[in-house]
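Throughout, read-outs are computed from the coordinates displayed, never taken from laboratory work. Remember, it's a predicted structure, so these values are computed and weren't measured experimentally. Glycine also receives a Cβ, built like all others from the backbone with ideal geometry; neighbour counts cover every protein chain displayed.
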Amino acid sequence: MKTSLKAKIVLLALVLLLGVFFRFYHLTFFPIQLSHDEITQLYDAISIAQTGKDIYGNFMPLIFPSVHDFKPPFYTYITSLFYITLGNYEVLIRIPGAIFGSLIVLAVYLLTNQLFKSWQLAILASLFVAISPSEIFFSRKSFENGAGIFLMTIGFYLLLKYIFKKEGKYIYFGYFLLAAAMYTYFSHAVIIPLLLVIFLIIYRNLFWDLTRKKEIFLSMALFLTASLPLFYIILSNPDTRYRSQTVFITQDRFLGEKKSLGDTLNPTFKDVYDAKTFIEYSINRYLEQFSPDYIFATGLDFTNQGLLEVGPLLIIEFPFLIYGIYILVRKRNFTKEKMFISSWILIGMLPSGLTFEPNSPHRSVMVFTMLSVIAALGFFEFVKRVFNKKRNLKIVVVVTGVVLFMGNFLYFAHMYFINFPYEKSEYIQYPFKEVSLFAWENYSRYDQIIFDPYFGESAPFVGTGAHYYLGYYGNYPPEKMQKEYRVGEGRRESRFDKFVIRAIDFGVDKQLKNTLLIASPWVVPLDKIDKGDVIKTFYFYDRKTAFYAISLKP
Amino acid sequence: MIKIFPILLLGFFLRIIFISYPPFSIEEARFAFRGERLVTEKKDELGRTLPFVFNSLSDYQLPVTPYLTGLGILVFGKTDLGARISFIVLGTLIILLTYLVAKRLFNNEDLSLFSAATISVSPPLIYLSRIPNETIPLLFFTLLLIYLFFLKGWSIFLIFVALTLAFLTSKFAWFIEIPIMVILILREKPSKLKIALATISLVSLIALIFLYYKIPQSDRSISENVFPLFNEITVLNAINRLRGQGIEQGMPVFFESLLFNKLSFLVVGIVNFLKHLSPALIFGYFDQTGIFNFSFSGLLPKILIIPLIIGLVDLIKSKEKYLFLLPTLVVFLFPAIFFYNQIIHPLLIMSLPVLSIVIAFGLKRLNRSFQILVFFMIVFEIMLIFFINKSAEIKNTNLVRPIWVEAVVKDINKNMDQRIYLSDNLTQDPIPFLGWYGYFSLDNEYSNIIFPYKFHQTMIGNVTLIASEAEFKGCIDKKNSYLYLSQRDSLKIKEMLNSEKLKVDENKKILGVEGKIFYDSLQNPQIYLIKDSICIK
């Protein structure tokens, strides 16, 4: 028994360390630059810590306008606490994500152990989560969802614990954490109540102990009270409504195209056709989230190289997931747990399935976490079967298994650390940091600095958050930014201090004096510029040209 | 047994109702045209006498489908019914065979009926049973083969016939049939005679492939259409690119070669295989292009997702001896591994009988009222497909199933006494449509092409196709020349008129005024008719 406990602790510690290592290793350098989501939250967090307001002057906002994408508040506030404690570092924004990402490994251990009553399986599940590509990827990119998944996993773990221990602390704390998890990410505000209702239905016989009705009702009241402000924000704040509407599946242009095919139908049939098309399209979108090629091979979209990609889970886990499902289905006296696990997966895929993007893995991480648990179950049972076989077979299987897992993980690591920066640097607004630092270096030499963030490698798009990059890398005091920042009258124009972020029309703007223009070749083709005016060229990570800095002197 | 008849009747009804729908695609029109020629003239569209290997846009075509199409035309003439009836009949017989196979396998009437009912309402089976194609005969012969395998004595010869016909229907059969026979042999422990037969079949397949390889360009046909993955330059480029990025970052070349090498093709193949396991294909959109299915339907009606899940759970929990069904699914789908980033729809359709049996397990577990609800939901979905979606479908398949081409061809037919020129981009290959919808006397000018691989005809009867590089000239005095011009050629002529490179009668300068304009299903102008004023240089 003692050996078992020691082994348990040592193994769990090793797995946790592994999880921490993969989430913190070279966190400053990979991803290679702060993305627009990171820079906006970091600068807003600093602004909150210094002034109590975001950079637009909103006092302690419950939703951050950011770059008009209206971010939930949790991650920014928690980063501001880290800022107060640790000071100003770029990596600061990534620390909460990496911490929560590491804690998920522990949470999965606790939940799996509680569900399956097997510490060996629980350790294996946490190991699968520790090395899961999606968990590592999202933990390292300051993604707020990680905190939500951690809190939610622990919350349900505590509720399960309560069922068997009947101690009030579990139910109070469990409900409290579930309520807190709802604040981390908007989709959690829908998913957690749904999953909680299903949980309460599944475990109704075990949960509703009438001798303990006081703590049951009080804890529920606590949950409702804690959630109320969130629902108030969601329902009353036009920004959150706007945010929800803009990402909903109805915004999908392909759905619009399909609907337009029915335009010649008479009005009654047209209504039926529209409703039918919407339902079919939503079902298709939802079911696409369960496509194995997406989950195991292509979902993380690290490269532009077709099917040579990385999925949220390692492809080697696929057969074990299938076997895990088989074992799970066959498991007797496990109906409630099976239903809970299935509900977790089916409900967890709803946000990704009902948004306008074909696949949004960041909205489905909680599902991938649970799929890792099932794959671990499959692996666990497979190993158990093999260990009952002959010694030679055991050795062959173990060696093959280890080689395949390591090979698959190395493939992911290579993709993440080497190929991903080359292939997708533009999508984290690379090289906006370098542009910002250069602009500040030349701050005193010009009357105004105009930056047009319309750029891209193979096709152009408008990079968002330019004023955040400029503000943060210039150590521009947030208090000053709150006063200075304003939306201009030009196309896509905003400005603060000497900086103007707007569309550049080179034919007109080249007449400006004592101005630094920063624009991409999409805006200013090289053949239209006097080469001597280009004082710096900025490159994407793969050395393709991203921007020119053009000096317009008197 | 008597209970299967209403299901067969329903299946037949769904396959024959609105007989002209869907309009033909290029290859289907080619099958119909070819079938007609085979039964009327004993020649194919190129003038070759009763050939064994045929032409198409993408590959050589095997003989069963064209001759089957011809069989219907022989009975019902050159009509929609004639071109489609063989497939309607085979599509209906697939329902019966599913019932019989399920009965043999499980000896359970309800289960067999549910399986047959599921097959009868599968949208792609309804759809494909209405058009000439390879998938329906292949599925029919495969099911027949499985059914015959369970019979005793006299069936041995028939098994061989069914297998040979399957091999001569589609190249997918070359991959699928032998593993299926192996599974059957392993499961059913049949007589030595059947094992011998399986061996003979394998040998005959090898012989068939050997003979196929004797045909000119057959290696190209196989590598481009059966193993296209290995020709995929995208994968090779990706391997080099990803490897190069690592080397640039200072990683050892050996390590890079270990991660990205020829085995990456296998990884890509496996990923393509995994694509076929998406539930969205089964219950969402199966084929949005409208070639293999109604564009907005899945492989099965949506409500059947519930019995499918229940059936799977039921199989895993309590019917371990029937779990062989799941590897059978893999056998049907595994040729997908040889393709790159592409759904191979016929493979999924081939797997339908297996899916239908799993669903039948689920349906059996439902109570009667839920079964009735499922039935009504299916009826509702199919009614929507036929009555609400139809016009949207025609618009969606405007280019792959160009129903509007028929009007152009009919107009050409009215002007048979003229010399006619037609833009060759009317569709990707206009000849099959001209052949099927029109009435041309052919002089078999291509009969010297013995093995036509991806061959494009440029004329049929008195119609000559206008190539993109063709040049135009005015021919004021010359009459009897009708030009059916696409946007491409009409714009070219407009430009020539504007730049005065082309001079025609002043009254005939403006395209579309003097002649007709033909519109597509989206009401976009597609063809302009110019009479007697412009000639091809």
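The orientation-averaged projected area of the convex hull spanned by the Cα atoms of chain B comes to 30.8 nm². Which is farthest toward the positive dipole end of chain B among B:329, B:282, B:105, measuring Cα position about the Cα centre, with Cβ charges +1 (Lys, Arg) and -1 (Asp, Glu)? Of the candidates, B:105 comes out farthest on the positive side. Computed over the alpha carbons of the range A:470-554, Rg followed by Dmax gives 14.2, 42 Å. Across all Cα pairs in the range A:201-279, the calculated P(r) in 10 Å bins from zero up to the longest distance comes to 15, 22, 18, 22, 16, 7, 0 percent per bin.
Calculated on the alpha-carbon coordinates, the convex hull of the range B:266-340 measures out at 101 cubic angstrom per residue.
A Cβ-based charge dipole, computed about the Cα centre of chain A with Lys and Arg at +1 and Asp and Glu at -1, lands at about 2540 debye. Excluding same-chain neighbours fewer than eight residues apart, the aspartates and glutamates reachable from residue A:331 by a Cα-Cα span under 15 Å are A:381, B:314, B:320. Placing unit charges on the Cβ atoms only, positive for Lys and Arg and negative for Asp and Glu, gives chain B a dipole magnitude near 1180 debye about its Cα centre. Selection among A:194, B:432, B:384 by position relative to the dipole of the protein assembly as shown gives A:194 as farthest towards the positive end (Cβ unit charges, Cα centre).
With N as its number of residues, the range B:421-467 has a Cα radius of gyration that, divided by 2.2 N^0.38 Å, comes to 1.13. Let me know the whole percent of all Cα-Cα pairs from chain A that are separated by more than 33 Å. Result: 49 percent of Cα pairs exceed 33 Å. Ranking A:231, A:377, B:244 by how far each Cα lies toward the positive end of the dipole of the protein assembly as shown (charges on Cβ) leaves A:377 at the top. Over chain B, Cα pairs under 8 Å with separation of 6+ residues give a relative contact order of 17 percent. Rounded, prolate or oblate for the range A:312-368? Axes are the square roots of the Cα gyration tensor eigenvalues, ordered a ≥ b ≥ c, and the cut-off for rounded is a/c under 1.5. Oblate is the answer for the range A:312-368, as a/c is 1.5 or above yet b/c matches or exceeds a/b. Once you order the gyration tensor axes a ≥ b ≥ c over the Cα atoms, which shape class does the protein assembly as shown get: rounded for a/c under 1.5, otherwise prolate or oblate by comparing a/b with b/c? It comes out oblate by the Cα gyration axes.
Take the Cα of residue B:233, step 7 Å toward its Cβ, do the same at residue A:534, and the gap between the two points is 2.9 nm.
Take every DSSP beta bridge whose two residues both sit in the protein assembly as shown; close to 70 percent of them are antiparallel. Across chain A, the mean sequence separation of Cα contacts (distance under 8 Å, 6 or more residues apart), normalised by length, yields a relative contact order of 15 percent. Think of each Lys and Arg Cβ as +1 and each Asp and Glu Cβ as -1; about the Cα centre, that makes the dipole of the protein assembly as shown roughly 3700 debye. Helical content alone sets the calculated 222 nm signal of the protein assembly as shown at -18000 deg cm²/dmol, taking -39,500 (n - 2.57) per DSSP H segment of four or more residues and averaging over every residue.
Checking the a/c ratio against 1.5 first, then a/b against b/c, what shape does the Cα gyration tensor give for the range A:172-221? In terms of gyration-tensor shape, oblate. Residues A:211, B:427, B:142, ranked from the fewest to the most other C-beta atoms within 10 Å, line up as A:211, B:427, B:142.
Partner shielding of A:261-268 amounts to 4, given as the average count of beta-carbon atoms from other chains within 10 Å of each residue beta-carbon. Here the scattering of the range B:8-93 is modelled by Debye summation over its C-alpha atoms, one equal scatterer each and no solvent; at q = 0.11, 0.15, 0.23 Å⁻¹ the log10 of I(q)/I(0) is -0.29, -0.53, -1.09. Ranking of B:345, A:68, B:456, A:467 by neighbouring Cβ atoms within 10 Å, starting from the fewest: A:68, B:456, B:345, A:467. Shown for B:45, B:320: other C-beta atoms within 10 Å of each C-beta, ranked fewest to most, produce the order B:320, B:45. Which distance in Å, rounded to a whole number, links the C-alpha centroids of the range A:324-390 and the range B:171-217? A separation of 39 Å, based on Cα centres.
For each pair in A:117/A:213; A:389/B:364; A:71/A:433; A:71/A:544; B:103/B:317, compute the distance between the two Cα atoms and list the pairs where it is over 29 Å. Correct reply: A:389/B:364; A:71/A:544.
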